[in-house]
Amino acid sequence: MIKTLLLTFAIYMLASCSSTELLQQMDSKEIITAPEYKIGVGDQLSINVWKNPELSLSVTVRPDGKISVPLVGDAQAVGLSAEALAAELNNNLKKFIRSPEVTVIVSSAMSAEFLSRVRITGAVQTPLSIPYREGMTVLDLVLQAGGLNPFSNGDNAILYRKTDSGIKRYSIKLKRIIKQGDISTNYELRPSDILIVPESIF
């Protein structure tokens with residue numbers, strides 16, 4: 001029995017060491033830019049054609065990814081940014097009016113509901129998936145989840161973040177944040193961040 005426990009502990013320590021080597025400490029000067037928003041199905045768009053109110057409208061992106069615009073007809077919207085769609089509509093309207101100026105505003109980004117969420121799972125009181133809010137931190141997310149449960153290994157928590165260079169993993173010291181006030185790993189969150197809190201094996 002003792003040999004089994006020692007073997008288990010050794011494996012756990014080796015795994016922890018190898019995992020730690022993959023973790024990164026977030027640079028406080030690290031610049032993280034939000035990707036340009038792409039229009040999705042169900043988004044509500046406000047389209048304004050300057051000096052042509054009869055061509056301006058509010059429209060919902062259809063399941064086929066298109067919208068219907070006066071004079072232009074059906075236009076592909078899904079996958080384009082608001083600026084790209086405005087440029088496309090502007091180009092098409094040149095056939096009908098002189099020097100059109102089109103602006104597109106995403107007034108309701110319904111398709112982004114899950115893309116912009118932050119999530120916490122593992123050894124917390126209530127695993128959560130909640131909408132991202134600017135200024136949210138790791139501690140905010142933990143408090144929303146009701147805190148750590150009695151079996152948590154909070155100082156081995158990992159924050160997973162999507163970046164242009166792939167998924168990055170950051171070591172989070174939750175117990176130090178909560179019990180000691182050490183906020184060095186209380187990072188500000190970004191959309192789609194996932195915080196996983198492991199359980200202690202002892």
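Based only on Cα atoms, what mean projected area does the convex hull of the range 44-110 have, in nm²?
Averaging across all directions leaves 4.0 nm² for the Cα convex hull.
Modelling each spin label as a point 7 Å along the Cα-to-Cβ direction, I'd like the S46/S107 distance in nm, to one decimal.
Going by the 7 Å Cα→Cβ label model, 0.6 nm.
Classify the range 81-139: rounded, prolate or oblate, from the alpha-carbon gyration tensor (a ≥ b ≥ c, eigenvalue square roots; a/c under 1.5 rounded; otherwise prolate if a/b is larger than b/c)?
Since a/c reaches 1.5 and a/b is larger than b/c, the shape of the range 81-139 is classed as prolate.
Measuring from label point to label point, each 7 Å out along Cα→Cβ, what is the A87 to L57 span in nm?
Distance between the two pseudo-spin positions: 2.4 nm.
Kirkwood Rh, the range 136-202, all Cα pairs: how many Å?
12.2
Quick one: what are the phi-derived ³J(HN,Hα) couplings along the range 146-157, Karplus 6.51/-1.76/1.60 with θ = phi - 60°, whole Hz, x for glycine and proline?
Coupling constants for the range 146-157: x, x, 6, 8, x, 9, 6, 10, x, 7, 10, 5 Hz.
Each reported figure results from applying straightforward, stated rules to the coordinates on display, with no laboratory input. Small disclaimer: the values here were computed from a predicted structure and weren't measured. Heads up, the Cβs are rebuilt from the backbone with ideal geometry, glycines too, and the neighbour counts pull from every protein chain shown.
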